[in-house]
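Before any comments, here is the structure.
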Amino acid sequence: MENKSNTNSPLGVGGELIDGKAIADQVKAEIAEEVKLMVAAGKRAPHLAVIIVGHDGGSETYVAHKVKSCEQVGFTSTKITFEDDVTEAELLTKIDELNKDNGLDGFIVQLPLPKHISEQKVIEAIDYRKDVDGFHPVNVGRMSIGLPCYVSATPSGIIELLKRYNIPTAGKNCVVIGRSNIVGKPVASLMMQKGYPGDATVTVCHSRTKNLKEICLQADIIIAALGMPEFLTADMVKNGAAVIDVGTTRVPSDKTKSGFRLSGDVKFDEVAPKCSFITPVPGGVGPMTIVSLLKNTLLAAKGEIY
Ligand code: GUN
């Protein structure tokens with residue numbers, strides 16, 4: 001991407017703001033083009049199903065975005081809604097049905113689920129070949145040993161941004177802050193994988209890490225994924241580092257209609273002037289996550305994961 005920094009930019013000279021929305025639009029256009037070619041060749045369009053249980057506002061918004069994104073790239077989508085008193089057995093029966101449905105390439109069960117349903121049981125009931133969320137242990141295991149698999153949305157989005165901005169990773173010190181199963185662990189695994197983006201020397205830090213500041217100061221790339229608003233401050237970042245902010249915490253705000261705004265894990269205004277690259281929140285990693293789901297569904301439709 002072009003350097004979009006200007007005189008109003010919080011970035012230092014040569015620093016580049018990573019535009020996740022622009023990259024997401026670019027990848028969506030590429031997917032749409034591929035779908036057009038598939039359909040022109042007589043194949044059916046990729047088909048994603050989304051199961052949603054109950055009426056959690058956040059989940060309904062996410063699912064609406066996923067369905068809309070499918071439309072934008074020419075996929076077929078099916079939304080399956082259950083009330084929040086659905087039994088685990090009923091949900092597992094539906095999953096079994098979707099696993100066997102040849103007209104469906106992939107599906108996801110939107111999380112979180114009501115307490116009486118085991119999320120792990122649900123995830124493991126999905127055929128890993130249709131698990132476009134990349135949460136099934138087979139996909140997680142395959143990813144960690146570098147086999148073809150579905151990579152989960154946020155790690156995949158981060159890797160795509162590094163690639164599209166040609167951010168050097170080989171031999172670089174990459175510090176991941178946070179060790180969650182859905183971001184910290186998989187992104188650390190991808191960054192140490194052979195190839196590009198990868199070949200990094202990775203350190204994973206968490207709530208029990210000692211000397212966190214000293215470790216961060218050695219980093220060429222910092223991936224902040226701990227879920228603590230404005231945790232990473234300028235004194236923890238060396239000049240020229242690339243900083244990827246995965247945080248999306250809703251914090252009270254008197255400047256928005258909703259009374260909330262999204263806060264990242266990075267104190268952006270003071271960290272940005274030191275960075276070679278930095279993602280904003282919102283507009284950085286966030287827009288890439290749905291694109292990753294679309295990419296996985298396209299892979300599924302092409303039969304590339306088996
Ligand atoms: N809830 C929040 N993010 C996700 C996601 O990526 N997949 C699913 N299935 N549920 C979510």
Which members of the range 63-93 meet the condition of being among the acidic types (Asp, Glu), more than 19 Å from Leu294 (Cβ to Cβ) and touching a strand residue (DSSP E or B) at 6+ places or on another chain (Cβ under 9 Å)?
-> Glu83, Asp84, Glu90
Exactly one condition in (1) in contact with a strand residue (DSSP E or B) (Cβ under 6 Å, 6 or more places away or on another chain); (2) more than 15 Å from the ligand (Cβ to nearest atom); (3) of a type in the set (A, V, I, L, M, F, W, C) is not met by Ile145; state its number.
-> (1)
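Look through Val183, Val176, Val151 and report the one residue that is in contact (Cβ under 8 Å) with a residue 40 or more places away in the chain, aliphatic (A, V, I, L, M) and under 26 Å from Val13 (Cα atoms).
Details: Val183 fails: under 26 Å from Val13 (Cα atoms); Val151 fails: under 26 Å from Val13 (Cα atoms).
Checking each option against the conditions leaves just Val176.
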Among the basic types (Lys, Arg) and closer than 28 Å to Gly14 by Cα, is that true of Lys255?
-> no
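For the range 249-301, which residues satisfy the criterion of being without any contact (Cβ under 8 Å) to a residue 12 or more places away in the chain and out of contact with any Gly (no Cβ under 9 Å at 6 or more places or on another chain)? Step through it out loud before you land on a result.
The first filter runs over the range 249-301 and keeps only residues without any contact (Cβ under 8 Å) to a residue 12 or more places away in the chain, leaving 252-261.
Selection gives Asp254, Lys255, Thr256, Lys257, Ser258, Gly259, Phe260, Arg261.
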Single condition Tyr196 does not satisfy, out of (1) within 19 Å of Cys275 (Cβ to Cβ); (2) among the hydroxyl-bearing types (Ser, Thr, Tyr); (3) out of contact with any Cys (no Cβ under 8 Å at 6 or more places or on another chain) = (1)
Mind telling me which of the residues Val291, Val285, Val266 ends up being modelled with pLDDT of 95 or more and away from the ligand (no atom under 13 Å from the Cβ)?
-> Val266
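From Glu16, Glu34, which residue is of a type in the set (Asp, Glu) and either at pLDDT below 95 or touching a strand residue (DSSP E or B) at 6+ places or on another chain (Cβ under 8 Å) (or both)? Quick ask: steps written out before the conclusion?
Values: Glu34 fails: either at pLDDT below 95 or touching a strand residue (DSSP E or B) at 6+ places or on another chain (Cβ under 8 Å) (or both).
The unique qualifying residue is Glu16.
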Residue count, the range 197-208, condition surrounded by fewer than 19 Cβ atoms within 10 Å (Cβ to Cβ) and part of a loop (DSSP other than H, G, I, E, B), comes to 5
Checked the range 172-196 for anything outside any helix (DSSP H, G or I), away from the ligand (no atom under 16 Å from the Cβ) and surrounded by fewer than 24 Cβ atoms within 10 Å (Cβ to Cβ); matches are Lys172, Asn173, Arg179, Gln193, Lys194, Gly195, Tyr196
Which residues, counting only those in the range 265-281, are assigned to a loop (DSSP other than H, G, I, E, B) and either hydrophobic (A, V, I, L, M, F, W, C) or within 18 Å of Tyr165 (Cβ to Cβ) (or both)?
-> Thr279, Pro280, Val281
Residue satisfying condition, being within 16 Å of the ligand (Cβ to nearest atom), without any contact (Cβ under 8 Å) to a residue 12 or more places away in the chain and not hydrophobic (A, V, I, L, M, F, W, C), within set Lys115, Lys121, Lys130 = Lys115
Where in the range 9-110 are there helices (runs of 4 or more DSSP H), lying wholly inside it, with at least 1 residues that are within 16 Å of the ligand (Cβ to nearest atom) and under 20 Å from the mean Cα position of the chain (by Cα)?
-> 20-40, 57-73
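Evaluate the following for Asp105: is it within 23 Å of Ile177 (Cα to Cα) and touching a strand residue (DSSP E or B) at 6+ places or on another chain (Cβ under 9 Å)?
No, not satisfied.
Given the criteria within 16 Å of the ligand (Cβ to nearest atom), within 25 Å of Asp56 (Cβ to Cβ), surrounded by fewer than 23 Cβ atoms within 10 Å (Cβ to Cβ) and acidic (Asp, Glu), does Glu160 qualify? Let's see the steps before the verdict.
Details: within 16 Å of the ligand (Cβ to nearest atom): yes; within 25 Å of Asp56 (Cβ to Cβ): no; surrounded by fewer than 23 Cβ atoms within 10 Å (Cβ to Cβ): yes; acidic (Asp, Glu): yes.
It is false that Glu160 is within 16 Å of the ligand (Cβ to nearest atom), within 25 Å of Asp56 (Cβ to Cβ), surrounded by fewer than 23 Cβ atoms within 10 Å (Cβ to Cβ) and acidic (Asp, Glu).
Can you confirm whether Thr279 is of a type in the set (Ser, Thr, Tyr), touching a strand residue (DSSP E or B) at 6+ places or on another chain (Cβ under 8 Å) and over 29 Å from Arg129 (Cα atoms)? Before the answer, list the steps.
Numbers: of a type in the set (Ser, Thr, Tyr): yes; touching a strand residue (DSSP E or B) at 6+ places or on another chain (Cβ under 8 Å): yes; over 29 Å from Arg129 (Cα atoms): yes.
Yes, satisfied.
The values are calculated or read from the model by the stated rules, or taken from the named source; none is laboratory data. All values derive from a computational prediction rather than experimental measurement. Glycine also receives a Cβ, built like all others from the backbone with ideal geometry; neighbour counts cover every protein chain displayed.
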